Amino acid sequence: MIEKTIFLNRIEDVKKLVNITMSKSYDIELLSDKYVANGKSIMGIFGLDLTKPVRLIAHSDDDELLNQLSEFEYIAQA
């Protein structure tokens, strides 16, 4: 299982993420506070609070997915 904190700060980021997740055969969820959205659903993702980072959970150990998500990686500011 892959867990990664990502930040989607533009509409284009959400579109790119959905294009990536739709190509995967396994389940992917995004979590924001107490809400969970299907990572393959653009409408579900837009239902989350995207002003903050969200947690992505993928039910796989796909290294390719990790590489594809690198552009969305959230780095906490100290």
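The values are calculated or read from the model by the stated rules, or taken from the named source; none is laboratory data. Please read these numbers as outputs of a predicted model, since none were measured by experiment. Glycine gets a Cβ as well: all are built from the backbone with ideal geometry, and neighbour counts include every protein chain shown. These accessible areas exclude ligands, DNA and RNA; they are computed on the full protein's heavy atoms, side chains included. Shrake-Rupley method; radii C 1.70, N 1.55, O 1.52, S 1.80 Å.
With respect to being within 13 Å of the chain's Cα centre (by Cα) and either modelled with pLDDT of 95 or more or open to solvent by 50 Å² or more (accessible area, probe 1.4 Å) (or both), ILE75 falls outside the description.
I'd like to verify a number: residues in the range 42-60 that are among the aliphatic types (A, V, I, L, M) and open to solvent by 80 Å² or more (accessible area, probe 1.4 Å), how many?
1
Do we find that ASN19 is under 10 Å from the mean Cα position of the chain (by Cα), open to solvent by 60 Å² or more (accessible area, probe 1.4 Å) and at pLDDT 95 or above in this structure? No; evaluated as a whole, the condition is false for this residue.
Note on the range 26-41: residues that are surrounded by fewer than 17 Cβ atoms within 10 Å (Cβ to Cβ) and either aliphatic (A, V, I, L, M) or at pLDDT below 95 (or both) amount to 4.
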